[in-house]
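**Student:** Encoded as structure tokens, here's the structure I'll be asking about.
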Number of protein chains: 2
Amino acid sequence: MGTYGFGVDIGGTTCKIGWFRMDGSLVEKWEIPTDTKEDGKQILPDIADSLHQKMGQHGISKEEIGGIGIGLPGPVRSDGIVPMCVNLGWKDKDVSKEMEGLMGGIPVKAGNDANVAALGEMWQGGGKGCNSIVMVTLGTGVGGGIIVDGEIVAGANGAGGEIGHITVNPHEHISCNCGRNGCLEQYASATGIARLARERLAGEHEASLLDQETEVTAKAVFDAYKQQDHIAAEVVREFARVLGKALSNIACVMDPEAFVIGGGVSKAGQPLLDAVAESYQKAAFSACADTRFALASLGNDAGIYGCMKMILG
Amino acid sequence: MGTYGFGVDIGGTTCKIGWFRMDGSLVEKWEIPTDTKEDGKQILPDIADSLHQKMGQHGISKEEIGGIGIGLPGPVRSDGIVPMCVNLGWKDKDVSKEMEGLMGGIPVKAGNDANVAALGEMWQGGGKGCNSIVMVTLGTGVGGGIIVDGEIVAGANGAGGEIGHITVNPHEHISCNCGRNGCLEQYASATGIARLARERLAGEHEASLLDQETEVTAKAVFDAYKQQDHIAAEVVREFARVLGKALSNIACVMDPEAFVIGGGVSKAGQPLLDAVAESYQKAAFSACADTRFALASLGNDAGIYGCMKMILG
């Protein structure tokens, strides 16, 4: 089983690396740049070099390493193949096999970064103590990760947890990045919240704190909301209504123990969580009306924790 | 491991029992009445008697029985407790433990009937060859069962697969049985389809085959649809639009390999399946637009097959 493990969260600009003990405690973390040149062919060798270097510094043999978990920004099929990862330049890549080759046979598991982050939050973050959660990541877009009985639901096409593309408003006239209309992401992402605010500010309205902003952001909306601004309150109500209803529908499918809310937008904290939970409870099927809501707590480290958890199983 | 297993599907009026070989082949099936008197206290003893009798007739010892799977019409928590089963009169009942006691320690597993039927269809029915499916049961109501990596997703509150209560139309003024408005069940169940037809027939319309019906049923609607009746076509289009869209949203959560459609309404067969699949493909997130659609094929035996599969794991 080994004494240590590595969690590697590959992003489009940096790879975050965590060195863990097998009991799950973090020994050290660091970052290296992601070299996406020439179809990202150096990404895995660069990571392997960094791991070998760290092992050399501390006199750790490969027998002491129980496994390496890798998260990456694209779908990972159940056979471990990454069919396509635009941000890294990868296509039909067997990440686990290649990395195992580079690391002298240390076992490697790969997963989608959003799913892996959900696993990390379930293990050591906002969903600690749970065995099944739905993680909702509110960033530039809306991502998600579904964990059932401690396992990632990756999906037959790697689209498990793509909850940002649930259709919430079939009458929406503006298109989502995915080409369809009325996706959750268009209302509950940072971009979506800013748009909802701009639409209201463009119409006739009583003075609002948001009038002073040169560029309205989701952060500005939540800051104004905490100061009882009426436009911000309208926007947050709409955001929470749409998100709460979507989560109530997810509950009729998965019925998780908890919803864990993360991503940049979730920095608005408890007031955001309360608004979403209240809207959820109003909309929910009675059997699952009491599902717990929690804020993600690992921030950018959720990925390396989840990668480590993949190894531990 | 034993040579044989029993699958027991407990319904409100009869218990269906299947005697299987451990390779999954059915040896014999039969039914006994469900005695719901006095909080259903005789249900398990009656089943145990029937199993003992069958074993006696064929000279089978309990060592030859690998396990017993039980499906029942209510939620089953992950610890095996049935908190409430209105149709059987049960409350806070440890079904597995009681049945194991009655059967001299033969291992028993219990599950919700809709989930168990989904497992059966995945194993030997419409979803054969798959490892993850969403089963949709179109009957008086709309039920469902979610299977991920060969395991039932029961849910933290036993509400996994309650897809009939996904909200598809927040503007609906008629209430669902669950007390909320605009549930999938209100449009995609036999009752819902009949209602959609009645609403159209009540308005001004060109002559329809359905005008001759004294009571319009879902079956009559699909029969007329196969004869190109225009009112029936409208109703089926609406039914398929709502169901296809709901399934496209489920795909953004679970991304199953296949959707398996069963229940009384599904007897309409391929034309129904085609209508729903076409609507799904129009609505679906691109990564999962090609998900397979299949008709359930085990009918009322899905439950006993799924019960047997629970034992096999």
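The values are calculated or read from the model by the stated rules, or taken from the named source; none is laboratory data. These numbers come from a predicted model, not from an experiment. Positions of Cβ are generated from backbone atoms using ideal geometry, with glycine treated the same way; all protein chains shown enter the neighbour counts. Keep in mind that these areas ignore ligands, DNA and RNA; they rest on the heavy atoms of the full protein, side chains included. Shrake-Rupley method; radii C 1.70, N 1.55, O 1.52, S 1.80 Å.
**Student:** What's the buried accessible area, both sides, between A and B using a 1.4 Å probe, rounded to 100 Å²?
**Tutor:** Summing both chains' loss of accessible area gives about 2700 Å².
**Student:** Then there is this: Report, by chain and number, residues whose modeled amide H sits under 5 Å from the one on A:ASN181, excluding near sequence neighbours (fewer than 5 apart, same chain).
**Tutor:** Long-range HN contacts for A:ASN181: A:CYS176.
**Student:** If you build a Gaussian network model of chain B, linking Cα atoms that sit under 10 Å apart, which residue out of B:CYS183, B:CYS15, B:CYS252 swings the most?
**Tutor:** So, out of B:CYS183, B:CYS15, B:CYS252, the one fluctuating most is B:CYS252.
**Student:** Also: Using all alpha carbons of the protein assembly as shown, what is the percent of pairwise distances in each 10 Å bin, ordered from the shortest bin to the longest?
**Tutor:** Values per bin, smallest distances first: 3, 15, 23, 24, 19, 11, 4, 1, 0.
**Student:** Please report, for B:GLN270, the nm distances (one decimal) from its label point, 7 Å out from Cα along the beta-carbon direction, to the equivalent points in the remaining copies, shortest first.
**Tutor:** Listed shortest first, these distances are 6.2 nm.
**Student:** Still on this structure: Can you give the angle from 0 to 90° between the axis of helix B:270-283 and the longest principal axis of chain B, with both taken from C-alpha atoms, to the nearest 10?
**Tutor:** Roughly 70 degrees between the two axes.
**Student:** I would also like to ask the following. Please work out the FRET efficiency for the pair A:ASP46 and A:GLU100, using the Cβ-Cβ distance as r and a Förster radius of 22 Å; give the result to the nearest 0.05.
**Tutor:** Taking R0 as 22 Å, the efficiency between A:ASP46 and A:GLU100 is 0.85.
**Student:** For chain B, build the charge dipole from Cβ charges (+1 Lys, Arg; -1 Asp, Glu) around the Cα centre, then report which of B:THR291, B:ILE106, B:GLN228 sits farthest towards its positive end.
**Tutor:** Farthest along the dipole direction, towards plus: B:ILE106.
**Student:** All other residues with a Cβ under 10 Å from the Cβ of A:TRP19 taken together, and with Lys, Arg as +1 and Asp, Glu as -1, what is their net charge?
**Tutor:** Once positives and negatives cancel, what remains is +2.
**Student:** Now a separate question. Could you give the angle, 0 to 90 degrees to the nearest 10, between helix A:302-312's Cα long axis and the longest principal axis of the Cα atoms of chain A?
**Tutor:** Helix A:302-312 sits roughly 50 degrees off the main axis of chain A.
**Student:** With viscosity set to 0.890 mPa s at 25 °C, what whole-number translational diffusion coefficient in µm²/s follows for chain B from Stokes-Einstein and a Kirkwood radius over Cα pairs?
**Tutor:** 120 µm²/s
**Student:** Between copies, how far does the label point of B:ARG77 sit from its twins, in nm, shortest first, when each point is 7 Å from Cα along Cα→Cβ?
**Tutor:** From this label point to the equivalent ones elsewhere in the assembly: 4.1 nm.
**Student:** Run the label-point distances for B:PRO45 please: 7 Å along Cα to Cβ, every other copy, nanometres, shortest first.
**Tutor:** Distances to the matching label points in the other copies: 7.6 nm.
**Student:** So, one more: Net charge within 13 Å of B:ALA197 by Cβ-Cβ distance, Lys/Arg positive one each and Asp/Glu negative one each, not counting B:ALA197 itself?
**Tutor:** Every neighbour counted, the sum reads -3.
**Student:** Continuing with the same structure: Structure shown: which of B:LYS245/B:LYS267; A:LYS62/A:LYS128; B:LYS41/B:LYS97; A:LYS91/A:LYS309; B:LYS16/B:LYS226 lie over 23 Å apart, alpha-carbon to alpha-carbon?
**Tutor:** With Cα atoms farther than 23 Å apart: A:LYS62/A:LYS128; A:LYS91/A:LYS309; B:LYS16/B:LYS226.
**Student:** Once label points are set 7 Å from the Cα along Cα→Cβ at both A:GLN281 and B:ASN131, what is their separation, rounded to one decimal in nm?
**Tutor:** Distance between the two pseudo-spin positions: 4.0 nm.
**Student:** Right, here's the next one. Can you give the translational diffusion coefficient of segment B:206-313 in µm²/s, computed by Stokes-Einstein from the Kirkwood radius over Cα pairs at 4 °C and 1.567 mPa s?
**Tutor:** D = 84 µm²/s.
**Student:** Given a Förster distance of 51 Å, report the FRET efficiency between B:GLU199 and A:ARG292 from their Cβ-Cβ distance, rounded to the nearest 0.05.
**Tutor:** 0.80
**Student:** So if I place +1 on the C-beta of Lys and Arg and -1 on the C-beta of Asp and Glu, and nothing else carries charge, what would the dipole magnitude of segment B:1-154 be about its Cα centre? I want it in debye, nearest 20.
**Tutor:** Once rounded to the nearest 20, the dipole reads 140 debye.
**Student:** Let me ask you something else. Find the accessible area per residue for segment B:74-212; the probe is 1.4 Å, ligands and nucleic acids are left out, and the unit is Å².
**Tutor:** Accessible area per residue: 41 Å².
**Student:** Express the carbon and sulfur contribution to the solvent-accessible surface of chain A as a percent, rounded to the nearest whole number, probe 1.4 angstrom.
**Tutor:** Here carbon and sulfur together make up 47 percent of the probe-accessible area.
**Student:** Place +1 on the Cβ of every Lys and Arg and -1 on the Cβ of every Asp and Glu in segment B:178-313, take the dipole about the Cα centre, and give the residue among B:SER266, B:LEU196, B:GLY306 whose Cα lies farthest towards its positive end.
**Tutor:** Towards the positive end, the residue furthest out is B:GLY306.
**Student:** For the pair A:ASP23 and B:ASP39, how long in nm is the line joining their label points, each one 7 Å along Cα→Cβ?
**Tutor:** Taking the two extended label points, one gets 4.6 nm.
**Student:** Counting only heavy atoms of the protein chains, get the accessible area per residue of segment B:2-57 (1.4 Å probe) and round it to a whole Å² value.
**Tutor:** 46 Å²
**Student:** Dipole of segment B:129-297, Cα-centred, from +1 at each Lys and Arg C-beta and -1 at each Asp and Glu C-beta, to the nearest 20 debye?
**Tutor:** Using only the charged Cβ atoms, the result is roughly 120 debye.
**Student:** Beyond 25 Å, how much of the Cα-Cα pair distribution for segment A:126-297 remains, as a whole percent?
**Tutor:** 30 percent
**Student:** Okay, moving on. Mind checking the angle between helix B:43-57 and chain B's longest principal axis? C-alpha axes, 0 to 90 degrees, to the nearest 10.
**Tutor:** Once rounded, one gets 60 degrees.
**Student:** What's the magnitude of the charge dipole for the protein assembly as shown around its Cα centre, counting Lys and Arg as +1 and Asp and Glu as -1 at the beta-carbon? Answer in Debye, nearest 20.
**Tutor:** That gives a dipole near 300 debye.
**Student:** Let me ask something additional. Any idea of B:CYS178's accessible area? Nearest 10 Å², probe 1.4 Å.
**Tutor:** Accessible surface of B:CYS178 is approximately 40 Å².
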